[in-house]
1. So, in segment 151-190, of the ones that are part of a helix (DSSP H, G or I) and at pLDDT below 90, which residue ends up nearest to A96 (Cα to Cα)?
2. Which of the numbered conditions does R75 fail, given that it passes all the others? Conditions: (1) touching a residue at least 24 places away in the same chain (Cβ under 8 Å); (2) surrounded by fewer than 17 Cβ atoms within 10 Å (Cβ to Cβ); (3) among the charged types (D, E, K, R).
3. Failed condition for A113, given (1) in a helix (DSSP H, G or I); (2) in contact (Cβ under 8 Å) with a residue 40 or more places away in the chain, with all others met?
4. Test G50 against the stated conditions and say whether it is assigned to a helix (DSSP H, G or I), surrounded by 15 or more Cβ atoms within 10 Å (Cβ to Cβ), of a type outside the set (D, E, K, R) and free of Cβ contacts under 8 Å to residues at least 24 places away in the same chain.
5. I'm trying to understand the selection: among the residues of segment 135-147, which are within 22 Å of the chain's Cα centre (by Cα) and either of a type in the set (S, T, Y) or surrounded by fewer than 11 Cβ atoms within 10 Å (Cβ to Cβ) (or both)?
6. When segment 86-116 is examined, which residues are found to be of a type in the set (D, E) and surrounded by fewer than 16 Cβ atoms within 10 Å (Cβ to Cβ)?
7. Touching a residue at least 40 places away in the same chain (Cβ under 8 Å), closer than 30 Å to K52 by Cα and part of a strand (DSSP E or B): is that true of L88 in this structure?
8. Name every residue in segment 117-140 that is closer than 22 Å to A171 by Cα and assigned to a helix (DSSP H, G or I), in order of residue number.
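The values are calculated or read from the model by the stated rules, or taken from the named source; none is laboratory data. Note that the structure is predicted; figures quoted are calculated from it, not measured. Here the Cβ positions follow ideal geometry from the backbone for every residue, glycine too, while neighbour counts run over all protein chains shown.
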Amino acid sequence: MSNPIRLVIFGRQGAGKGTQCVRLVETFGVIHVSTGDVLRGAVAAGTELGLKAKAIMDAGDLVSDDIMNGIVRERLAEQDIVENGVVLDGYPRTTAQAEALAMVLGDDGLHAAIDLDVPVEEVTERMKARGRADDTEEGIRRRLELYEQETRPVLNWFAARDLLVTVDGLAEEAVVTERLLSTVRSLVES
């Protein structure tokens, strides 16, 4: 592929992002990069930024935009992504990170930011059904509020640049997959 697929995927907790990212990888051969994986990879590789991130995380603090941007920039330059494309999951989390991503990828560097949209009531029920210890009513509500506060400005940033595409995630898994794959195919072909 001359211009590998480059996507960002968003969605509330419980929206099925992880499952749908697997489908994107299987169908298009893109590399799925989650923020946690990138951080762990940089720490394990002992890169300068990875060591800085480790010190911050060990202190119980959040990794800054500058360090996160640097780690993602390094990962995006690796051969597997250059050749196969990428779906970023969990990055960018701030508008500053979105701007840094745009600078790294350049104009026309990102096909789209996809918002896998599932209503709050539905993701709440899905998370309750998982039965994880932290999936209490209060914990779920807090995480969803935080997602809204932190992610909405980033979604708006992509929307302002005509890069945001919303995919209805309220359906059976296979139906959502077909919607997502169809959306990605139309983005790549246009």
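1. Let us first name the residues in segment 151-190 that are part of a helix (DSSP H, G or I), namely 151-160, 173-189.
With the extra rule that they be at pLDDT below 90, the set shrinks to 188-189.
Details: V188: 26, E189: 29 Å.
Across segment 151-190, the extreme among qualifying residues is V188.
2. The one condition R75 does not meet is (2).
3. (1)
4. yes
5. As a first pass, look at segment 135-147 and keep what is within 22 Å of the chain's Cα centre (by Cα): 135, 139-147.
Across segment 135-147, the qualifying residue is only Y147.
6. Start the filter on segment 86-116 by keeping residues that are of a type in the set (D, E), which leaves 89, 99, 107-108, 115.
Within segment 86-116, E99, D107, D108 qualify.
7. On the way: touching a residue at least 40 places away in the same chain (Cβ under 8 Å): yes; closer than 30 Å to K52 by Cα: yes; part of a strand (DSSP E or B): yes.
It is true that L88 is touching a residue at least 40 places away in the same chain (Cβ under 8 Å), closer than 30 Å to K52 by Cα and part of a strand (DSSP E or B).
8. Result: V120, E121, E122, V123, T124, E125, R126, M127, K128, A129, R130, I140.
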